[in-house]
1. Show the residues, 5+ positions off or on another chain, whose built amide H is closer than 5 Å to the amide H of F188.
2. Residue by residue, what Karplus-based ³J(HN,Hα) values in Hz, rounded to whole numbers, does the range 81-96 have, using 6.51, -1.76 and 1.60 with θ = phi - 60° and x for Gly and Pro?
3. Leaving out ligands and nucleic acids, and using a 1.4 Å probe, what accessible area per residue does the range 185-279 come to in Å²?
4. If R0 is 35 Å, what FRET efficiency do you get for V262 and D161 from their C-beta distance, rounded to 0.05?
5. For the range 58-180, what % of the accessible area comes from carbon and sulfur atoms, probe 1.4 Å?
6. What part of the accessible area of the range 185-279, given as a whole %, is carbon or sulfur when the probe is 1.4 angstrom?
7. Let me cross-check I247: its accessible surface, 1.4 Å probe, with only protein heavy atoms counted, in Å² to the nearest 10?
8. Amide H to amide H, which residues 5 or more places from A280 or on other chains are under 5 Å from it, using H placed in the peptide plane?
Amino acid sequence: MNVRSHDSALRGGLNFQGGPQAIQGGPQAIQGGAQAHRTAKTVVDTALRELRPAGRERLIVVEDDPVTRTMLVGYFSDNNFDVVGAGSCAECRQALRGRTDLVFLDLQLPDGDGFELAKEIQATSNAGIIFVTRRDTDVDRILGLEIAGDHYVTKPINLRDLLARARSVLRRRSLDRKAARNHNSIAFGDWIIDLTRRELLGSDGKPVALTRAEFDLLAALVGADGRPLSRDYLIEVVSNRQAEVDIRTVDALVARLRRKLVGSGTPVIATVTGVGYKLALSERL
């Protein structure tokens with residue numbers, strides 16, 4: 001997906017001001033301080049995403065109003081985030097194929113309801129969710145927080161407040177991942193592997209059934225931090241006295257793991273030609 005075409009017509013003449021800005025809705029005036037923010041390019045081509053600086057947290061802005069979407073993309077890009085804009089549920093689903101840390105989600109979208117989309121995001125991704133919407137009833141707020149939301153923010157938006165909330169959500173999730181690692185568990189993509197209990201848990205918290213050899217091979221790939229492992233090394237990992245293991249065995253185990261590790265649409269195990277295999281997620285958490 002490339003949503004550049006949605007926003008390109010706006011970029012020539014729009015400047016958004018900093019400080020405690022507030023959006024007054026749609027294409028109306030955006031109030032705030034004195035510093036102008038440039039508009040970021042919102043490109044979601046897979047190849048270009050790979051060229052973006054490592055270590056930047058990735059956000060998706062799901063907002064059907066192009067003025068609001070462009071402003072949010074620009075502001076958070078200026079604050080050192082890797083940001084993708086999406087104007088619909090379909091564009092959001094496309095963007096979620098890449099690693100995502102946080103989603104800003106409007107409720108009123110042209111092709112669906114934000115609450116239903118939030119359920120999909122929660123089921124297929126570990127991303128945090130902050131609802132950003134004009135709907136300000138207590139019922140909507142409570143429903144949003146009960147469904148999946150880390151925060152519920154109503155328009156007009158104070159950008160500094162939204163930035164603080166985003167950093168708070170990302171910091172808390174980072175601490176949760178570190179706590180998991182301290183308990184000999186590692187989160188990667190939509191799964192958590194517990195090396196002590198020898199369990200693999202899906203995004204729904206339910207265990208995924210793995211054989212001993214499948215678990216050992218997956219644990220080796222997760223522990224390699226994205227480095228490719230040779231087939232010969234993986235043969236040693238999964239060998240035991242009761243079984244003859246060769247390259248074809250390793251290939252078969254990888255094929256079985258690929259069938260079991262589905263959910264976000266992102267491949268989990270990639271083939272490295274002439275070498276072997278590696279964990280293919282864009283970030284090992």
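1. When sequence neighbours closer than 5 places are left aside, the close amide H contacts are I193.
2. Per-residue couplings from phi come out as 10, 8, 10, 10, x, 9, x, 7, 4, 4, 5, 5, 4, 5, 5, 5 Hz.
3. Accessible area per residue, the range 185-279: 54 Å².
4. Once the sixth-power term is evaluated, E becomes 0.40.
5. Carbon and sulfur: 46 percent of the exposed surface of the range 58-180.
6. 51
7. For I247, solvent-accessible area is about 80 Å².
8. I269, A270
The values are calculated or read from the model by the stated rules, or taken from the named source; none is laboratory data. Just so you know, these numbers come straight off a predicted model, no measurement behind them. Every residue, glycine as well, gets a Cβ built from its backbone with ideal geometry; the counts of neighbours run over all protein chains shown. SASA here: full protein model, heavy atoms, side chains in, ligands and nucleic acids out. Shrake-Rupley method; radii C 1.70, N 1.55, O 1.52, S 1.80 Å.
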